[in-house]
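Participant: My questions all concern the structure below.
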Amino acid sequence: MSQKVTRRQFMNYSLMGVGSFMAAGMILPMGRFAIDPLFTESSAGDMITTSVKIDDITEEPVSVDFTFEQKDGWYVSEVTDFAWVYREGNEIIALSPVCKHLGCTVSWATDSANPDRFFCPCHNGLYEKNGANVPGTPPRGPLDMFEVGESDGYLTIGAIHENELV
Ligand code: FES
């Protein structure tokens, strides 16, 4: 037996086909946009060149600024952070200034009673020069540290990781 397609059915199929094609044309780009960050290369792990010459770094910790692009989904912003940087023999150390108690910013030698330690003013947290938290003060762990390197004589700073000195 033969099945004939009526004019009305033909029109319905045609409209459904054209409608589906147009919907796909709109939805596919939207879907691609929605998952775009998954296809974007991350810059995590890149080394950032600072304005500090390696030869100028001494045994006294100094704050060194570094700027990087931060991607949050589609939003890209420029963020400036800093590290406490000093020399220990031939090694360059870059410590995170973020207190491991509640995240305040620590500073070097600002507590007159502890001139050779990092001090957190929020709850009187103390850290040794290598980032070790001083027992009896609020912080429960050592300061994190950054990867460091050199580019044309200048200090480069990379990913943050757990303190390897303590
Ligand atoms: S946040 Fe640093 S001691 Fe509490």
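Participant: Provide Tyr75, Tyr154, Tyr86, Tyr13 in ascending order of the number of other Cβ atoms located within 10 Å of each residue's Cβ, fewest first. Numbers along the way, then the final one.
Facilitator: Numbers: Tyr75 8, Tyr154 15, Tyr86 20, Tyr13 11.
The fewest-first ordering by Cβ neighbours comes to Tyr75, Tyr13, Tyr154, Tyr86.
Participant: Also, I was wondering about something else. Mind counting lysine pairs for me in the chain? Cα separation below 30 Å, and the two need to be 8 or more apart along the chain or on different chains.
Facilitator: On the way: Lys53/Lys71; Lys53/Lys100; Lys53/Lys129; Lys71/Lys100; Lys100/Lys129.
Value for the chain: 5.
Participant: What ratio of Cα Rg to 2.2 N^0.38 Å holds for the chain?
Facilitator: My calculation over the Cα atoms of the chain gives 1.84.
Participant: Tell me whether the range 81-166 comes out rounded, prolate or oblate; compute the Cα gyration tensor, take square roots of the eigenvalues as a ≥ b ≥ c, and use a/c under 1.5 as the rounded threshold.
Facilitator: It is prolate, given that a/c is not under 1.5 and a/b is the larger ratio.
Participant: Follow-up. Which residues in the range 69-87 place their backbone N less than 11 Å from a point set 7 Å from the Cα of Cys104 along the Cα-to-Cβ direction?
Facilitator: none
Participant: Another question, if that's okay. When Trp74, Trp84 are ordered from fewest to most other Cβ atoms inside 10 Å of their Cβ, what list results?
Facilitator: Trp74, Trp84
Participant: Want the number for Ser20 to Ala159: 0.36 nm per residue separation, take away the alpha-carbon distance, what's left?
Facilitator: Gain on extension, Ser20 to Ala159, equals 45.3 nm.
Participant: Sticking with this structure for a sec: Determine the gain in length on full extension of the stretch His123-Val76; use 0.36 nm per residue of separation and subtract their C-alpha separation, reporting nm with one decimal.
Facilitator: Net length gain for the segment: 13.5 nm.
Participant: Of Cys99, Cys104, Cys120, how do they rank once you tally other Cβ atoms within 10 Å and put the fewest first?
Facilitator: Placing the least packed residue first, the sequence is Cys104, Cys99, Cys120.
Participant: Then there's this: On C-alpha positions alone, give me the angle between the axis of helix 7-34 and the longest principal axis of the chain, in degrees, nearest 10.
Facilitator: That works out to roughly 10 degrees.
Participant: Nearest 20 debye, what's the magnitude of the dipole of the range 48-161 about its Cα centre given +1 on Lys and Arg Cβ and -1 on Asp and Glu Cβ?
Facilitator: 500
Participant: Another question, if that's okay. If you restrict to DSSP beta bridges whose two residues both lie in the chain, what percentage is antiparallel, to the nearest 5?
Facilitator: Details: 33 of 33 bridges.
Around 100 percent of the beta bridges assigned by DSSP in the chain are antiparallel ones.
Every number here is computed from the coordinates shown, using simple stated rules; none is lab data. From a predicted model like this one, the values you see are computed outputs, not experimental measurements. Note that we place each Cβ from the backbone using ideal geometry, even for glycine, and neighbour counts take in every protein chain shown.
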